[in-house]
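The values are calculated or read from the model by the stated rules, or taken from the named source; none is laboratory data. Fair warning: this is a prediction, and the values are worked out from it, not measured in the lab. FYI the Cβ positions are ideal-geometry reconstructions off the backbone, even for glycines, and counts take in every protein chain you see. Heads up: the accessible areas ignore ligands, DNA and RNA and are worked out on the full protein's heavy atoms, side chains in. Shrake-Rupley method; radii C 1.70, N 1.55, O 1.52, S 1.80 Å.
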Amino acid sequence: MQHTLINDHCRVTINTKGAELASFVRTDSQQNPPELEYMWQADPAVWGRHAPVLFPIVGKLPQDTYLHQSKEYKLPQHGFARDREFALVQQTETELTFELHADEQSKQVYPFDFVLRISYHLHELTLDVRWQVLNPATNQELLFSIGAHPAFRCPLLPGETFEDYTFHFDHPVTFERYLLQGGLLSGETEPVLNQQTELPLTYDLFKDDALVLKHFDFSTITLRNSRSDRAVRLRFDGFPYLGLWTKGPGAEFVCVEPWQGIASTVGTPVELADKEGILTLAPGQEFNAAYSIAVQ
């Protein structure tokens, strides 16, 4: 099922499966074209998702396995929330809130009680995405990670190419990428930018999988073509990790992924509590995070 938010500038559609952002259209009769879709439309022949929510882990586990209190559990890459049906629990003209609870199915692979709420608030040309994770248990800590994985059409307009686009930063940035090996952190790094404000997009940039960032000193990134006034700007204050990714040559999308969590390191399965990027919620406590997408 889908639900839609509409204002004078935009139309946003959310799927109840995964509480996934499926469409973000700018509607402006003064622009050409008068309607422009910014989200990747999940072509299953390339990559069949739009903007999955990653929960209760971000990234991959060794052998898709983790330990909790010495017992083995299996979780696929990025967890299970993206494939579960959420309930719509609040709807206004400008906001939708979806909710997922632990159940017997989830506890077979993830032995924790949880409530996950995902809210979308549309105002002007901006969509705010808010996450709330609650621990309803009375005597057990909740261990989890959560992340975003929105995929944006690139190129946006006819006649453009993927290589026409850049990631633009508001100030000169320096960062390295944490290299992946089979979806797991290898322990090695590689420099990417040194006091620069632009990262030109090429498919070769992603030949070794996603760019995984830690310890970066920016909280906004803009996907744009300098020859067009169309762009997408993401703001993600307080996120310790970021992924940038596309599927491969010919894929007409690129992902900007603010994460509260990260893939495991190459090796053997470890206790979930010892995994990098795992957050801990005491009984009765809640965690909140948010990021925004603005279209231009």
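Report ³J(HN,Hα) in whole Hz for each residue of the stretch 186-203, in order, from the Karplus equation J = 6.51 cos²θ - 1.76 cosθ + 1.60 where θ = phi - 60°; Gly and Pro get x.
Each residue's phi maps through the Karplus curve to give 8, x, 9, 10, 8, x, 10, 10, 10, 6, 10, 10, 10, 10, x, 8, 9, 5 Hz.
Over the chain, with every protein chain in place, what whole percent of the accessible area is carbon and sulfur at 1.4 Å, could you tell me?
46 percent
Dipole magnitude of the chain about its Cα centre, charges +1 at Lys/Arg Cβ and -1 at Asp/Glu Cβ only, in debye to the nearest 20?
Magnitude of the dipole: close to 240 debye.
Going Cα to Cα from Lys247, which aspartates and glutamates come in below 13 Å? Please leave out same-chain ones fewer than 8 positions away.
Leaving aside aspartates and glutamates fewer than 8 places away in the same chain, those within reach of Lys247 are Asp43, Asp204, Asp208, Asp209.
Could you give each residue of the stretch 94-111 its phi-based ³J(HN,Hα) in whole Hz, using Karplus coefficients 6.51, -1.76, 1.60 with θ = phi - 60°, and x for Gly or Pro?
My calculation for the stretch 94-111 gives 10, 9, 10, 10, 10, 9, 10, 10, 4, 8, 4, 5, 5, 6, 5, 10, 8, x Hz in order.
If you count, for each residue, the other Cβ atoms within 10 Å and average over each peptide, how do 45-53, 14-22 line up from highest to lowest? Don't skip to the answer; put the middle values down first.
Values: 45-53: 18.2, 14-22: 22.2.
In descending order of packing, they fall as 14-22, 45-53.
Averaged per residue, what accessible surface does the chain expose to a 1.4 Å probe, in Å²?
Heavy-atom SASA per residue in the chain reads 43 Å².
Give the peptides 55-63, 250-258, 237-245, 212-220 in descending order of average Cβ contacts within 10 Å, highest first.
The packing order, highest mean first, is 55-63, 250-258, 237-245, 212-220.
Show the residues, 5+ positions off or on another chain, whose built amide H is closer than 5 Å to the amide H of Phe167.
Leu199, Leu201
Output the direction-averaged projected area (hull surface divided by four) of the convex hull of the alpha-carbon atoms of the stretch 147-190, in nm².
5.2 nm²
To the nearest 20 debye, what is the magnitude of the charge dipole of the stretch 1-99 about its Cα centre, counting +1 on the Cβ of each Lys and Arg and -1 on the Cβ of each Asp and Glu?
I would put it at about 480 debye.
Any idea how far apart His123 and Thr92 come out in nm if each label point goes 7 Å out from Cα toward Cβ?
Placing both labels 7 Å along Cα→Cβ, they lie 1.0 nm apart.
Quick one: what are the phi-derived ³J(HN,Hα) couplings along the stretch 65-77, Karplus 6.51/-1.76/1.60 with θ = phi - 60°, whole Hz, x for glycine and proline?
Along the stretch 65-77, the couplings run 9, 9, 10, 9, 6, 6, 9, 7, 9, 10, 9, x, 3 Hz.
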